[in-house]
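Beneath this line is the structure, given in structure tokens, with notes to follow.
Values in this text are rule-based calculations from the coordinates and carry no lab data. Because the structure is predicted, anything quoted here is derived from the model rather than measured. Glycine also receives a Cβ, built like all others from the backbone with ideal geometry; neighbour counts cover every protein chain displayed.
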Amino acid sequence: MKSIKILMAIMALLSSTAINAQIKNTKTESVKIYGNCQMCEVTIERVGNVKNEAEVDWNKETKMATITYDANLTNPDEILKRIALAGYDSDQFLAPDKAYAMLSECCQYERINKKETIMPNSSMKMEKHSEQPVKMESHANHGVEMGMKNGEKPSENIQMQNAGELQPVFDRYFDLKDALVQSDGKSASTAAKALVTAIGKVKMGELEPKTHEAWMVKMKALSENAEKISESTDADDQRVYFSGLSQPMYELMKLSTAGPTVYYQKCPMYNNGKGANWLSKESSIKNPYYGSMMMTCGSTVEKIN
Amino acid sequence: MKVNKNISKASQLIVVLILLNTNLYAQKVVRYDLYVKDTLVNFSGKEKRAIAVNGQIPMPTLTFTEGDTAEIYVHNQLKESTSLHWHGLFLPNKEDGVPFLTQMPIEPGTTHKYTFPIIQHGTHWYHSHSGLQEQIGMYGSMILKKREDDPGLRAGIDDIPTVPIILSEWTDYKPENVHRMLHNASDWFAIKKGTTQSYAEAIREGHFKTKVANEWKRMLAMDVSDIYYDRFLINGKNESQLSQFKAGDRVRLQISNGGASSYFWLTYAAGKMTVVANDGNDVDPVEVDRLIIGVSETYDVIVTIPAENTSYEFLATAEDRTKSASIYIGSGIKQLVSPLPKLKYFEGMKMMNDMMKMNGDMNDMGMNMSLQQMDMNTVMYPEISGEKKPMKMDEMPEMDMKNMDHSSNGSSNTDIVTLNYAMLKSPTKTTLPASAPVREMRFELTGNMNRYVWSMDNKVLSESDKILIKKGEIVRITLFNNSMMRHPMHLHGHDFRVINGQGEYAPLKNVMDIMPMETNVIEFEANVEGDWFFHCHILYHMMAGMNRVFSYEKQEPNPLLPDKNWAYKKLQKESNQLHLMAQNDFATNGNDGMAMLQNTRWSFGSEWRLGYNDEHGYESETHVGRYLGRMQWLMPFVGFDWRYRKLGHGEVEQNIFGQKSTKDNRAQFSVGVAYTLPMLFILQTEVYQDGNVRVQLRREDIPVSKRLRANFMVNTDKEYMVGLNYIAGKNIGFRTHYDSDMGFGVGLMLNY
């Protein structure tokens, strides 16, 4: 900060001569730009200035800026638009809400030019309540899950229904899946360890005959893949085994009729287009194979239960 | 079916008109006179040639009401021929406006009358179908209104204020030159856009391996669009305002993308937009945060003005996100919308590497990828997949926890609702007659970026006959995009159903955007006879031959086109023209250059190295070759070499095979083959008439840094060359090289 101040001081000293030397066809105007502090000043001037074209000098006390510009190359609107896109309102432009929200707390000036919304715009509502589960269906699964009502929330059923002996295994699987959606290798490793433990604790005798049979066949693949995942903390490595884990898990979930609704989903891109599947408690797509890179890539191939 | 019904309705109306002479349904003849004239425009600070109609760019908005009869007189005051195509309209074939397919070109100084009944409604547009005229101004909105008694009138949608919006782009380069540069794989546009994706940039971003893998698969730098534009325009302006609207108003924007090659992202500063129609056909309203409008598509979108004394920015951002155009809706202070962040090109390159097989095929995902639902480019969108790097500390000196939260929320947002084709649903049933016979077709969209060849099933129009269809049958087309670019495929004269999971309510469209690797199915009823164009609407892809013609069997002759066979040959020729490229390095040790004429398959090229004295010698190699295969990596050729170099007395040169030759005045014919190897090395093997063999390996244009290109050559005649050139301008550069014959040289390189 200090060095910036010194720099600013030097700039100020030099500016009177330097500006006029660089910018041709100069015009100077005084305009209001809303902001608070020293930091605002740095940002406003940094985004406003363009070499040989425009020079902005903002005063944080008066909120007035002197803009000097080459009238052949630019105009005040262009300069003020740049400044607004960085988060600072003027009497000509309002900053995008996102840009304003990105400003430091000390920079979040009072937006006196921003008018109240007078009409109940449904779109506004959507944005304000975006943390609610009632979200728009994301792109990829839109066509597939059209029939599902927004209010239908599968996770609510979880406490009520239980897949019995295998429930802990399923729960740990979903934890692991969520960790991979976040591309969080460490959490995935922890979740995989818990999954290995859960697999070990299953009392086969209490399973239904059909499930028992399937469990005997699938258990090895489950624990092997889960162990491999727990040994790594690199999400990309873990994903390879996760695809191997999801297949037998799907066979088991299919047999457990008592559990909550589960969605069998597919990412057709993974593994060079060979594709890979996963299971999720939500109908909307959150792709564990690519994480945020391709969050909504994929589609539901089967609704189980 | 709809068309027939409408025709009969229209004819009934005409009868009513004649008998009663009333204007009951506003059915009437609506006449427009369009004067097409050369003009000078200044969109970028430089005066350039353009074409204006009635003195304006875009062309005037033509408005009709369903039931009207259109009479449009085109007065060609240009020095070249022209034509006008009514995009998305159902009309008799001879009014469709494709020169050499449905009419003869409108010659300079003549007037052509188009006339057709208006039998549909919706947002459409019109443009020149001659050469590249669309790029320099010949596009305009065409709005067909519903009749006041239309049973399909929708309250709150059809009864609110409308504004026609036409999007376009401007380049200061002549479009013919743009086209030529694309065919010559010039990377000048990439330099202007900052998307060279050179090795230096790759290393800086930690993507060296990605770049190597990319070149190993013989790909050039990837991009979502090919051309650098100086300006993007909404209704002919980069920024404008609709100040007639006030708080509380709802406005229906009738948007057409009249750009020659640009897709646009549409976003709005007051939040969500409601899509109510697409390609002139109503769809059930859908609320979205943003949508991408393909080249030549139309969308009707309702926006609202939520606050007093504020105007809201409606932003059209080119898909490559280099620039944008804005229109502010409302009056008062301008509320801006966040611009779309720059693309992460190396992520895109990595994705491409994964998707493309070694033989140049894209992974075929079958129906898993369709209807724009899975945008592979998402990996490049920072607003969805997160910022490239965490924000620099100097930009956020006092980063507290609150801001950290913001940046993570703000930058990787998966809740943005983007429109895709699966979300489009017709409000009425669109099913086709169940009894009609169905003809199935499949097209693979193919392309070769390196040589800018765009085709279907690896055939360009000049290699394809018309596709015969029968009136009354249903044509069902499966399209698979096996190329690296997206293609907006447009069918003339018909709407097709897009099979998108909406069953009987499948939406009707006339342009289908198909992303790389996508497979989509469309179907239409063959109900208007004639010859109808089916093509990629990216102008430069169309001119490269990505076209087909559907021709009705046993159709009536077209009075405007007496010799159809001759005309079709002309049409075919138009999209397979020869392109010239030439360059010469005026160096201290001699002149080093080449000139080449190429079309889709053939290449006529000559290279020369001319020293300034006999010791350095003079040589030239001329090759006539034909590119084979879809990716065109193989080129057999015949050649003629001539060289003269004064060697020491009786001195003889020997190649590594022990074959001897004198360079002293040697003239030889040869046959050979050139093959593009991974890493874009070209391996050339040649046998001369005297039995000598030469094998040569070379690579040109290795992108070292943004403007620096390296090249090398080595061959079995023990000749070699290494060079480095700096691209200073579109046609100028500096080059330094060392040549085994001519030694070290520095020079000025000019290219065309």
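Across the stretch B:223-289, Cα-Cα distances exceeding 17 Å account for 57% of all pairs. Pairs from the list A:LYS114/B:LYS237; B:LYS342/B:LYS509; B:LYS350/B:LYS459; B:LYS425/B:LYS509; B:LYS37/B:LYS145 with a Cα-Cα gap above 19 Å: A:LYS114/B:LYS237; B:LYS342/B:LYS509; B:LYS350/B:LYS459; B:LYS37/B:LYS145. The HN-Hα couplings worked out from phi for the stretch A:270-281 by the Karplus form 6.51 cos²θ - 1.76 cosθ + 1.60 (θ = phi - 60°) are 4, 6, 6, x, 6, x, 8, 10, 7, 10, 9, 8 Hz, whole numbers, x standing for Gly and Pro.
Amide H contacts of A:LYS32: A:ALA65, A:ASP91, each under 5 Å away and 5 or more positions distant or on a separate chain (H built 1.01 Å from N in the peptide plane; Pro and chain starts excluded). For A:ASN25 and B:LYS237, a Förster radius of 30 Å and the Cβ-Cβ distance give a FRET efficiency of 0.80, rounded to the nearest 0.05. Within the stretch B:579-751, the ratio Rg/Rh, alpha carbon atoms throughout and Rh by Kirkwood, equals 0.95. I'd like the Karplus ³J(HN,Hα) series for the stretch B:564-573: coefficients 6.51, -1.76, 1.60, θ = phi - 60°, whole numbers in Hz, and an x wherever there's a Gly or Pro. Values per residue, Gly and Pro as x: 5, 5, 5, 5, 5, 4, 4, 4, 4, 5 Hz.
Each 10 Å bin from zero holds the following percent of Cα-Cα pairs in the stretch B:134-287: 8, 28, 25, 20, 13, 5, 0. Neighbours of B:LEU233, meaning other residues whose beta-carbon lies under 11 angstrom from its beta-carbon, give a summed charge of 0 when Lys and Arg score +1 and Asp and Glu score -1. Rounded, prolate or oblate, given the Cα gyration tensor of the protein assembly as shown, with a/c below 1.5 counting as rounded? Rounded shape, in that the Cα axes give a/c under 1.5. Database remark: amide H of B:ALA307 closer than 5 angstrom to the amide H of A:ILE118, B:GLY248 (H placed geometrically; neighbours at sequence offset of 5 or more, or on other chains; Pro and chain starts carry no H). Annotation: for a label point projected 7 angstrom from Cα along Cα→Cβ of B:VAL671, residues of the stretch B:687-706 with backbone N closer than 18 Å are B:687-695. Other residues whose C-beta falls under 11 angstrom from the C-beta of B:ASP159 contribute a net charge of +2, scoring Lys and Arg +1 and Asp and Glu -1.
Comparing the stretch A:217-278 with the 2.2 N^0.38 Å rule of thumb, its C-alpha radius of gyration ratio is 1.18 (two decimals).
Over the stretch B:697-750, all Cα pairs binned in 10 Å intervals from 0 give whole-percent P(r) values of 25, 52, 21, 2, listed from short to long. The residues neighbouring B:ALA70, those whose beta-carbon lies less than 10 Å from its own, together hold a net charge of -2 under the Lys/Arg +1, Asp/Glu -1 convention. The alpha-carbon of B:LYS211 sits under 12 angstrom from the alpha-carbons of these aspartates and glutamates, leaving out residues fewer than 8 places away in its chain: B:GLU201, B:GLU347. Phi angles across the stretch B:624-636 convert, under the Karplus curve 6.51 cos²θ - 1.76 cosθ + 1.60 with θ = phi - 60°, into 3J(HN,Hα) values of 10, x, 10, 6, 10, x, 5, 8, 6, 7, 10, 9, x Hz, Gly and Pro given as x. The DSSP beta bridges internal to chain B are antiparallel in roughly 80% of cases. Full extension of the chain between B:ASP465 and B:ALA728 gives 90.2 nm of extra length, using 0.36 nm per residue less the Cα-Cα distance. Highest average first, the peptides B:497-507, A:102-112, B:294-304 ordered by how many other beta carbon atoms sit within 10 Å of their residues are B:294-304, B:497-507, A:102-112. For chain B, the spread of Cα coordinates along the three principal axes comes to 103, 76, 49 Å, biggest extent given first. Partner aspartates and glutamates whose Cα lies under 17 Å from the Cα of B:LYS569, excluding those fewer than 8 positions away in the same chain, are identified as B:GLU463, B:ASP465, B:ASP531.
For the stretch B:579-751, the tally of Lys pairs with Cα-Cα distances below 23 Å comes to 6, considering only residues 8 or more apart or on different chains.
Rounded to 0.05, the FRET efficiency of the B:VAL687 and B:LYS79 pair, given R0 = 56 Å and the Cβ-Cβ distance, is 0.65.
Only DSSP H runs of four or more residues enter the estimate; each adds -39500 (n - 2.57), and after division by the residues of the protein assembly as shown the mean residue ellipticity at 222 nm equals -6500 deg cm²/dmol. Considering only the Cα atoms of the stretch B:447-513, their convex hull presents on average a projected area of 5.8 nm². The simple Förster model, with R0 at 45 Å and r as the Cβ-Cβ distance, assigns A:THR62 and B:SER44 a FRET efficiency of 0.75. Modelled spin-label separation between A:ASN271 and B:LEU578, with each label point placed 7 Å from Cα along the Cα-to-Cβ direction: 5.3 nm. Label 7 Å along Cα→Cβ of B:VAL624; the stretch B:584-612 residues with amide nitrogen under 18 Å? From the stretch B:584-612, the list is B:595-607.
The lysines whose alpha-carbon is closer than 18 Å to the alpha-carbon of A:LYS60, local same-chain residues fewer than 8 away aside, are A:LYS2, A:LYS5, A:LYS32. A simple spin-label model places the labels of A:ALA221 and B:ASN177 6.2 nm from each other, with each point 7 Å out along Cα-to-Cβ. Take each residue in B:495-501, count the other chain C-beta atoms within 10 Å of its C-beta, and the mean is 1. Annotation: amide H of B:GLU313 within the under-5 Å range of B:ALA269, B:ILE329, B:GLN335, B:VAL337, sequence separation 5 or more or interchain, hydrogens built in the peptide plane. Once the gyration tensor of the Cα atoms in the stretch A:154-304 is diagonalised, the equivalent ellipsoid follows with semi-axes of 23, 18, 14 Å, ordered largest first. Here the stretch B:566-610 was treated as a single set of alpha-carbon atoms; its pair distances binned every 10 Å from 0 give 25, 34, 23, 13, 5, 1 percent.
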